[in-house]
Amino acid sequence: MAFPPAFLDELIARNPIEDVVGQYVQLKRSGANYFGLCPFHSEKTGSFSVAPNKQIYYCFGCHKGGGVINFIMDIENLSYPDAVRFLAKRAGLEVPEDDRYQSRYREQERLWKLCKDAARFFHQQLKSDAGKPGRAYLAGRGMDWQTVTKFGIGFAVDDWHTLENAMRKQGYTREELIAADLVGEREKDGRRYSYDRFTNRVMFPLIDVRGNVVGFAGRTLDANYQGRKYLNSKDTLIFNKRNFVFGMNLAKKSKQGRIILCEGPMDAIACHQFGFDCAVASQGTSLTQEQINIIGKYTDQVVMTFDSDFAGQNATQRAITMFEKAGISVRILRFEGAKDADEFLHKYGADRFSVLLEGSADQADYRLQSLKSQYDLSKDDQKVEFLKKAAVLISGFPNAIEREIYGAKAAEAAGITPDAMKLEISRAYKNRRRREQKKEEEKNLSPVTALQPAARGLRYDNIRSARAEEVVLRQVLRDASQFELLKDLPPEAFSAPVLGKAYAALRERYRAGHDVSLAVLQDFTPEELAHLTGVARANDEPVSEQALRDCAAAILEEHQKSQQGQGEDALRATLERMKNKKGYGG
Ligand SMILES: [Zn+2]
């Protein structure tokens, strides 16, 4: 049977692959991934890996791989539906085998749509005349319009019925609005009155990891308002504040290799505006285990930027312990001269923030010191050796300001001018870049055979196209919004059937607003899935939008060539037939 996509999404979310596999295989964490001994072939080295952020496993030895459902099919020897039932039971989920459950998922989908439409409406309001106070507030906080759009920020006017009226015009019922916690109800003199929950507030849509709008946080603009400044949606069928992390839908695509955890949405948004696209926010200071699990799926490095007041410190201590238990390293960022990330960024800018973030204050100093201790700097030959090594070390610091600061420090230690050191570092930096480029070129020249799938049935006919197809698949699996760039690339243009089939299935899920992940694919053989998993795992470097467009162009070009080829073949075949006919007739 086909299970509803939303159910499968939840099944997979509630059965983290590292947990499920961890019950069968002893896993060790290394970076973002886990490694262990493969349960499917006998081995002494750990070729078996699990990537929690992609929700897949892969064995470099026997090339088995796939999502959590495939793993259970393989290891428990179950059919697809039975593996789904097995995992549902494990997570305490009921399998939607009857109408009641089907209807629950339909209701969920309806609420997602309602919240998305409400977010659109609030955003329109912000842009309209009525949104002037909201725009003034955001401008006062130094937020640019690009950021406003990126986060879909909106405005709820100071009126009790504007949202309800607008949404009912779009066909939603009052019951649905209440179920989404957009409208409240109260009784007076035996009559029931409804009212918009959010009024006179700047509206931040709460978007879950899959990209669904599930609720709102509204910041009041009423200076005399007695309650809390932020009003958050209550828990609903689609929103549970215990397992919600603000900004995770964006931060999960970040290439910065860590997560910056802020206290409130405004701090996280400021980080994004200044280029730190790995920032998220918990709603309030006490972090839940569920939130830690979500963050742990995408990183093993967290930088916390919580307030330094006393209450904040207690919460911070508790959070550190919880992160460490989950195998995630934590650092605390302290802001001197500003109360939070938002203020710090606007006051001092991105570069200063970056230096703080790199933890250079302790880490880089420490590395430079320990290098220095290995040399006797009173001797000229040792001094030269130290400077060379220091230049190599410093050239590896990602931030130009850091390279400058530590270059000066090393120069001072060795008694040379900062300019001489600068020259040495820039030479080391260039060497490093050259080596990296060479590596990249070598990869591009790797023999064609290395690109062929392990399973014979999946051999590629057109290597140039298949290579581009693999890049396209990898990119959309990393960031499904890239489908927007690929509007002109139909699955039919793919030369490798298995890649085309995966592309088509993922694109359909993207269009329907579901999770785009290999873990949720149905109707693929184990060999196909294993191959796709290998494709997704290989070469983790993201490519630029231009490179992606180039790949799409290459696929289309090869496709056109093959069509022409076929056209010629068909023509030749027709000619042959005609000749034969002639011969036959004559
Ligand atoms: Zn294996």
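All of the numbers you see were taken from the coordinates with simple rules; none came from a lab. Please read all numbers here as calculations on a predicted model, not as lab measurements. Ideal geometry is used to build each Cβ from the backbone, glycine not excepted, and the neighbour counts take in all protein chains shown.
Under 22 Å from the Cα of residue 169, which lysines turn up, not counting those fewer than eight places away in the same chain?
The reachable lysines, counting only those whose Cα sits under 22 Å from residue 169, are 113, 116, 127.
Beyond a 29 Å Cα-Cα separation, which of these cross-linked pairs lie in this structure: 241/339; 253/487; 252/422; 54/325?
With Cα atoms farther than 29 Å apart: 252/422.
Aspartates and glutamates within cross-link reach of residue 297: Cα-Cα under 18 Å, excluding same-chain residues under 8 positions apart?
List returned: 9, 10, 18, 19, 208, 277, 324, 479, 515, 540.
Distances longer than 15 Å among the Cα atoms of region 5-91: what percent of all pairs is that?
Distances greater than 15 Å cover 55 percent of the Cα pairs.
If amide hydrogens are placed 1.01 Å from N in the peptide plane, which non-local residues have theirs closer than 5 Å to the one on residue 183?
Sorted by chain and number, the residues that satisfy this are 178, 197.
Considering amide H positions built from the backbone, and no H for Pro or chain starts, which residues 5 or more places from residue 215, or on another chain, come under 5 Å of its amide H?
Those lying under 5 Å, H to H, from residue 215 are 206.
Express in whole angstrom the spacing between the alpha-carbon centres of region 480-550 and region 382-429.
Cα centroid of region 480-550 versus Cα centroid of region 382-429: 44 Å apart.
Kindly identify the chain as rounded, prolate or oblate by the Cα gyration tensor criterion: order the square roots of the eigenvalues as a ≥ b ≥ c, call it rounded if a/c is under 1.5, otherwise compare a/b with b/c, prolate if a/b is larger, else oblate.
oblate
When the helices in the chain are scored as -39500 (n - 2.57) per DSSP H run of 4 or longer and the sum is shared across all residues, what 222 nm value do you end up with, to the nearest 500 deg cm²/dmol?
Dividing the helical sum by the residues of the chain leaves -16500 deg cm²/dmol.
Where the Cα atoms of region 184-232 are projected onto their three principal axes, how long is each span, largest first, in whole Å?
Answer, in whole Å and largest first: 43, 28, 13 Å.
Taking the alpha-carbon distance from residue 379 and a cut-off under 20 Å, which aspartates and glutamates remain once sequence neighbours fewer than 8 residues away in the same chain are dropped?
412, 424
Within the chain, which DSSP H helices have Cα atoms that stretch 30 Å or more along the helix axis and a mean Kyte-Doolittle hydropathy of at least 1.0?
none
Using the Cα atoms of region 468-536, I'd like the radius of gyration and the largest Cα-Cα distance, Dmax, both in angstrom.
Answer for region 468-536, Rg first and Dmax second: 10.8, 30 Å.
Calculate, axis by axis, the spread of Cα positions in region 1-45 along the three principal axes, and write the results as whole Å, longest axis first.
The principal-axis extents, from largest down, are 40, 25, 14 Å.
Just to compare against my own numbers: the Cα pair-distance distribution for region 121-160, 5 Å bins, whole % per bin, please.
Bins of 5 Å from zero give 6, 26, 36, 23, 6, 2 percent of pairs.
I need the chymotrypsin sites (Phe, Trp or Tyr not before Pro) found in region 147-208, filtered to DSSP loop residues with at most 16 other beta carbons within 10 Å of theirs.
Of the chymotrypsin sites (Phe, Trp or Tyr not before Pro), the ones in loops of region 147-208 whose Cβ has at most 16 other Cβ atoms within 10 Å are 160.
Grab the beta carbon distance between residue 325 and residue 14, set R0 = 22 Å, and tell me the FRET efficiency rounded to 0.05.
Step by step, r from the Cβ atoms, then E = 0.60.
Could you compute the net charge surrounding residue 293? Neighbours are other residues with a C-beta less than 12 Å from the C-beta of residue 293; K and R count +1, D and E count -1.
It works out to a net charge of +1.
Could you tell me whether region 100-239 comes out rounded, prolate or oblate from its Cα gyration tensor? Rule is a ≥ b ≥ c as square roots of the eigenvalues, rounded for a/c under 1.5, then prolate if a/b exceeds b/c, otherwise oblate.
Oblate is the answer for region 100-239, as a/c is 1.5 or above yet b/c matches or exceeds a/b.
Return 169, 116, 54, 255 ranked ascending by Cβ neighbour count within 10 Å, so the fewest neighbours appear first.
169, 255, 116, 54
Report, in debye and to the nearest 20, how large the dipole of the chain comes out about its Cα centre when Lys and Arg carry +1 and Asp and Glu carry -1 on their Cβ.
Dipole magnitude for the chain comes out near 640 debye.
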